[in-house]
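First up is the structure itself, then whatever we jot down about it.
The values are calculated or read from the model by the stated rules, or taken from the named source; none is laboratory data. Remember, it's a predicted structure, so these values are computed and weren't measured experimentally. Every residue, glycine among them, receives a Cβ derived from its backbone with ideal geometry; neighbour counts consider all protein chains shown. Surface accessibility is based on the protein's heavy atoms, side chains included, excluding ligands, DNA and RNA. Shrake-Rupley method; radii C 1.70, N 1.55, O 1.52, S 1.80 Å.
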Amino acid sequence: CRSIQWRIDGSAVGDDDFLLCVNMDHRSIEFMLPEPAAGGRWHRVIDTAAWAESEGNCWASARQATMAARYVVHGYSVAVFTERAFV
């Protein structure tokens, strides 16, 4: 397998939770995002795919898109999400 999903739990130390989806295959891979904590949503922070280069491959807090339960990570790319409470 050439992909990994890694959740970093920062809530124990009063920080945000992060989710990294790494795809080191040449094909795109669809990741299932884990269920966020009650009232939370995953927001895309970084995507290193070529399609996101016009955005600088990252988004400021005010421009971060809320993600659904699935996310496609393009070949040889990494996507990073943060979990925030839904407002």
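Considering the conditions (1) basic (K, R); (2) touching a Lys or Arg at 6+ places or on another chain (Cβ under 7 Å); (3) outside any strand (DSSP E or B), R41 is excluded by exactly one of them, (3).
Looking at W51, is it open to solvent by 20 Å² or more (accessible area, probe 1.4 Å) and of a type in the set (F, W, Y)? Show your work before the answer.
Working: open to solvent by 20 Å² or more (accessible area, probe 1.4 Å): yes; of a type in the set (F, W, Y): yes.
Yes.
Scan region 1-10 for residues that are open to solvent by 40 Å² or more (accessible area, probe 1.4 Å) and outside any loop (DSSP other than H, G, I, E, B) and jot them down.
As a first pass, look at region 1-10 and keep what is open to solvent by 40 Å² or more (accessible area, probe 1.4 Å): 1-2, 4-9.
If the condition is that a residue be open to solvent by 40 Å² or more (accessible area, probe 1.4 Å) and outside any loop (DSSP other than H, G, I, E, B), then I4, Q5, W6, R7, I8 are the ones that fit.
Condition check ((1) in contact with a His (Cβ under 6 Å, 6 or more places away or on another chain); (2) touching a residue at least 60 places away in the same chain (Cβ under 8 Å); (3) of a type in the set (A, V, I, L, M)) across all residues:
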residue: D25; (1), (2), (3): no, no, no
residue: S28; (1), (2), (3): yes, no, no
residue: P36; (1), (2), (3): no, no, no
residue: G40; (1), (2), (3): no, no, no
residue: D47; (1), (2), (3): no, no, no
residue: W51; (1), (2), (3): no, no, no
residue: C58; (1), (2), (3): no, no, no
residue: G75; (1), (2), (3): yes, no, no
residue: E83; (1), (2), (3): no, yes, no
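So which residues in region 11-38 are in a helix (DSSP H, G or I) and either crowded, with 17+ Cβ neighbours inside 10 Å or touching a helix residue (DSSP H, G or I) at 6+ places or on another chain (Cβ under 6 Å) (or both), if there are any at all?
Matches in region 11-38: none.
Within region 70-87, can you find the residues that are aliphatic (A, V, I, L, M) and either within 11 Å of the chain's Cα centre (by Cα) or open to solvent by 80 Å² or more (accessible area, probe 1.4 Å) (or both)? Quick ask: steps written out before the conclusion?
Going through region 70-87, the residues aliphatic (A, V, I, L, M) turn out to be 72-73, 78-80, 85, 87.
If the condition is that a residue be aliphatic (A, V, I, L, M) and either within 11 Å of the chain's Cα centre (by Cα) or open to solvent by 80 Å² or more (accessible area, probe 1.4 Å) (or both), then V72, V73, V78, A79, V80, V87 are the ones that fit.
Residue-level check: of (1) closer than 22 Å to D9 by Cα; (2) surrounded by fewer than 17 Cβ atoms within 10 Å (Cβ to Cβ), G56 misses just (1).
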